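What follows is a single structure, written as structure tokens, with notes after it.
None of the figures in this text is laboratory data; all of them are computed from the coordinates on show. Being a predicted model, the structure only gives us computed values, none of them experimental. Note: ideal-geometry Cβ built from the backbone for every residue, glycine included; neighbour counts use all protein chains shown.
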Amino acid sequence: MERGTVGSANRGRLRVAVRTEGQSEIVTPAGELDHHTAELLREPLDNALEAGRARLVIDCSALEFCDSTGLNVLLGARLKAEAAGGGVHLAGMQPVVARVFEITGAEAVFTVHESLEDAMEE
């Protein structure tokens, strides 16, 4: 896997930035989350959980596409986070990504926020 700067990963169509703020691990995927790029998101989510940070905030504002593989990464992270006493919060979803969650019913199992700021206030 290519590495960009510390705290980020890049594989062409998806970049993932990670930072810790208070009790939250903020993960920002930008680009297309699909079968070819899903591991770039799975790795920092798993790393955060292994480090004991169970409140994961996914800033989706720069996510342009998400297929079922990407959705499964997020669902898997949700199960692990909840088992550790935390959860996954989705923030700032673009309409095309929000539609995938709506169609699949996945929006019902995540805490969804209009913006990153809203997610951080909780």
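For labels at residue 99 and residue 34 in the simple 7 Å Cα→Cβ model, what's the distance in nm?
Inter-label distance under the simple model: 1.5 nm.
Rounded to the nearest 5, what % of the DSSP beta bridges within the chain are antiparallel ones?
Restricted to the chain, the bridges split so that about 45 percent are antiparallel.
For the range 26-122, treating each Cα as an identical point scatterer without solvent, what Debye log10 I(q)/I(0) comes out at q = 0.25 1/Å?
Log10 I(q)/I(0), no solvent term: -1.53.
Tell me which residues come under 5 Å, amide H to amide H, from residue 63 once H is placed; ignore anything under 5 positions away on its chain.
31, 94
Treat each spin label as a single point 7 Å out from the Cα along the C-beta direction, and report the residue 23 to residue 46 distance in nm.
2.7 nm
Restricting to Cα pairs below 8 Å that are 6+ residues apart, what does the relative contact order work out to for the chain? Please round to a whole percent.
Contact order relative to length: 21 percent.
Indicate, rounded to the nearest 5 percent, the antiparallel portion of the DSSP beta bridges found entirely in the range 16-72.
So the antiparallel bridges in the range 16-72 amount to around 45 percent.
With +1 on the Cβ of every Lys and Arg and -1 on the Cβ of every Asp and Glu, and nothing else charged, how large is the dipole of the chain about its Cα centre, in debye rounded to the nearest 20?
360 debye
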